[in-house]
Amino acid sequence: MTRVNNDLGNPGYGAIGIWVEAYETANNGTSSTVHVRGGYYNNSPYNIYADTAYVSLNGRGNVSFTTGYPGDHVTDEFDVEVAHNGDGSAASASYSCYGKSTFPKNSVNPTVSVKTSANPRYAVTYAGNGGTTPSSQTKVYGISLTLNGSSSRTGYTFQGWSGSDGKTYSNGSSFTGNYALTLTAVWQINTWQVSFNANGGTNAPGNQTKTYGQTLTITTSVPTRTLYDFVSWSGSDGATYYPGGSFTGNYALSLTANWKLAYVAPTITSLAAYHCTSDGTAADDGTYIKVTIGWKVDTSIYSDNQGSGILVKCDNVTIGTITISGTSGTATLVFGGSYNGDNTSTVSVYLYDTKQPGLGVSNSVLAQGATYLMDFSPDGNVCFGGAAESTYQICTKKNGTITWPLLANAGSHNSVFRGKDITANVTDGSFYTNIKNGTFKDIYIGDYFTKTVNGTAFVFRVAGLDVYLHRGSTEFTSHHAVIVPDGIFGKFKMNSSNTTAGGYVATAMYTNVLPTWAGYLATAFGSNLLTIKNCYQMQLAVIFLVAGIGMIQKLIS
């Protein structure tokens, strides 16, 4: 309580004056209640009379009195609410009491100052719970507190604070409660993933979890890999680990499988297949197929390993199994009897050994069908890329299949040079018949025959077929063959004077020799000789025509 007195005067018996006092009666958190009182005092033992006297407390209004009785007298009082400072600290306030009297004649205005208490304070303390403990903080009533406690703990991750008020807090969050608070750190133990890489194998174990400070037992499950045995795990930390072993590191770890070769597959060292006869003799048009397989098994891991068998398939049809033994060798098999010699078949073989009888190696080879550049049948038909057919005089084939049956005509036969002796066809007349009907069957460029002319045997060769057909100033409409002798009929001087006078038509060659040889040829070929036009050359009888209705009556060249 704070009181201030201010004398009005002393009439001789003792002082008389005005007083004011103020004091805090309650702290309401962010404000305080202050009680203010004012009045007059008379320190003499006598009543003091004044014509007029009054007191006004803090401007609340005049309270009059005419007699000042000995002692202290309260003339007015009230309560006032004083707000604390914004930061919660104590606030100060001043109050005055004005008094005036006619005896003693004077006026005074004592003023009193009062200071409130501050906002209530509350302690906010931290418990590290195994980690570091931050310094405590102070919470001021009515003012939000930002929590700045920070804690660390090896092997753990900070999750926040658990308050004694049952609430959860984090660093930087606001605490608005007006009470003391204890914050206990919440931790999560650190964990790391341990992963597995099968490294070419399958069935790698699932991931494991390593917890800080705890030993992890590596799973006993291991991956599998065909033809390999599992050895160990190579860690991403450079260490080697084994199934059932311990991992104590506090970090993520990748484990890669290490393998050792457990089996080496056998080897097909050579493979060949071809068409053949039933005894295995190679034949382009053979209806059997012979396959020859060179093989070898590995003994570096299993010294007692041997070959067990070779399965043979042709065009995906199982033929049979060849039984083998030992560590290497060559096996053969002849099969079939109904394969088309023109067709190419795929022969597949599967090699097995005694250590992995269910795990073979395979390879394939083509048994090539006949792929003649050109083939002629006995009846004169020709085929490109396969065996000649009786149905078609000319055709092309690919893998035994006719891809282009050509028409039997001069155009197709002009495209084939055969060079066959067809004297027999000339003798039996089929040569002339096949020219006349336009099929030119068994007649190709380069074919030749022997014919006696004027007592001498000459070789005549086919040079072209229907080369003059539908040509000339007068259309030539007969099918025909152009034939030439392999040699010349003879040489003759131009005339007796051996000069060029008169030109070619004046020569003995033109006037005497050619007509003579025209007669020889007409005798030899008869009505098969055709005439299209007379023309001559210095050499005798180089080209003439033959056709199904006869040969030319005069030589042309």
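Only one of Leu351, Leu359, Leu311, Leu333 is in contact (Cβ under 8 Å) with a residue 24 or more places away in the chain, outside the structural domain of Phe230 (by TED's automatic domain parsing), part of a loop (DSSP other than H, G, I, E, B) and hydrophobic (A, V, I, L, M, F, W, C). Can you tell me which?
The unique qualifying residue is Leu359.
Can you confirm whether Ala257 is assigned by TED's automatic domain parsing to the domain that holds Asp342 and either in a strand (DSSP E or B) or of a type in the set (Val, Ile, Thr) (or both)?
No.
If Pro485 passes every condition in (1) on the phi < 0 side of the Ramachandran plot; (2) surrounded by fewer than 18 Cβ atoms within 10 Å (Cβ to Cβ) but one, which one does it miss?
Every listed condition holds for Pro485 apart from (2).
Regarding the range 49-56, can at least one residue be identified that is touching a residue at least 40 places away in the same chain (Cβ under 8 Å), under 22 Å from Asn10 (Cα atoms), polar (S, T, N, Q) and not in a loop (DSSP other than H, G, I, E, B)?
yes
One line per residue, one yes/no per condition, for (1) buried (at least 17 other Cβ atoms within 10 Å of the Cβ); (2) within 30 Å of Gly235 (Cβ to Cβ):
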{"position": "Ser151", "(1), (2)": "yes, no"}
{"position": "Ser162", "(1), (2)": "yes, no"}
{"position": "Phe175", "(1), (2)": "yes, no"}
{"position": "Asn190", "(1), (2)": "no, yes"}
{"position": "Phe196", "(1), (2)": "yes, yes"}
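Quick test of your reading of the structure: Ile435 fulfils all but one of (1) surrounded by fewer than 19 Cβ atoms within 10 Å (Cβ to Cβ); (2) modelled with pLDDT of 85 or more. Name the failing condition by number.
The single condition Ile435 does not satisfy is (1).
Suppose we filter Thr427, Thr450, Thr456 for residues that are loosely packed, with under 12 Cβ neighbours inside 10 Å and either closer than 19 Å to Ile394 by Cα or among the polar types (S, T, N, Q) (or both); which single one remains?
Thr456
Counting only residues that are hydroxyl-bearing (Ser, Thr, Tyr) and in a strand (DSSP E or B), which one in the range 117-136 is farthest from Tyr169 (Cα to Cα)?
Of everything passing the filter in the range 117-136, Tyr122 is farthest from Tyr169 (Cα to Cα).
Among the residues of the range 314-349, write down those that are of a type outside the set (S, T, N, Q), buried (at least 17 other Cβ atoms within 10 Å of the Cβ) and under 30 Å from Ala262 (Cα atoms).
Ile322, Ile324, Ala331, Val349
If I go through the range 289-335 residue by residue, how many of them are of a type in the set (Phe, Trp, Tyr) and modelled with pLDDT of 95 or more?
2
Taking the condition of being in a strand (DSSP E or B) and surrounded by 16 or more Cβ atoms within 10 Å (Cβ to Cβ), how many residues in the range 24-48 meet it?
The number of residues fulfilling the criteria is 14.
Every residue in the range 137-149 that is closer than 15 Å to Thr176 by Cβ, surrounded by 13 or more Cβ atoms within 10 Å (Cβ to Cβ) and out of contact with any Gly (no Cβ under 6 Å at 6 or more places or on another chain), please.
Selection gives Gln137, Lys139, Leu145, Leu147.
Only residues that are surrounded by fewer than 17 Cβ atoms within 10 Å (Cβ to Cβ) and under 30 Å from Lys210 (Cα atoms): list them for the range 164-173, please.
Answer for the range 164-173, where residues must be surrounded by fewer than 17 Cβ atoms within 10 Å (Cβ to Cβ) and under 30 Å from Lys210 (Cα atoms): Thr168, Ser170, Asn171.
For Thr226, work out the one condition from (1) under 28 Å from the mean Cα position of the chain (by Cα); (2) modelled with pLDDT under 95; (3) surrounded by 14 or more Cβ atoms within 10 Å (Cβ to Cβ) it doesn't fulfil.
Every listed condition holds for Thr226 apart from (3).
Given the criteria under 19 Å from Ser31 (Cα atoms) and of a type in the set (S, T, N, Q), does Ser152 qualify?
no
Among the residues of the range 298-305, are any in a strand (DSSP E or B) and either under 43 Å from the mean Cα position of the chain (by Cα) or hydrophobic (A, V, I, L, M, F, W, C) (or both)?
For the range 298-305, residues in a strand (DSSP E or B) and either under 43 Å from the mean Cα position of the chain (by Cα) or hydrophobic (A, V, I, L, M, F, W, C) (or both): absent.
The values are calculated or read from the model by the stated rules, or taken from the named source; none is laboratory data. Here the structure is a predicted model, which is why all the values come from computation and not from measurement. Using ideal geometry, Cβ is built from the backbone for each residue, glycine included, and neighbour counts are taken over all protein chains shown.
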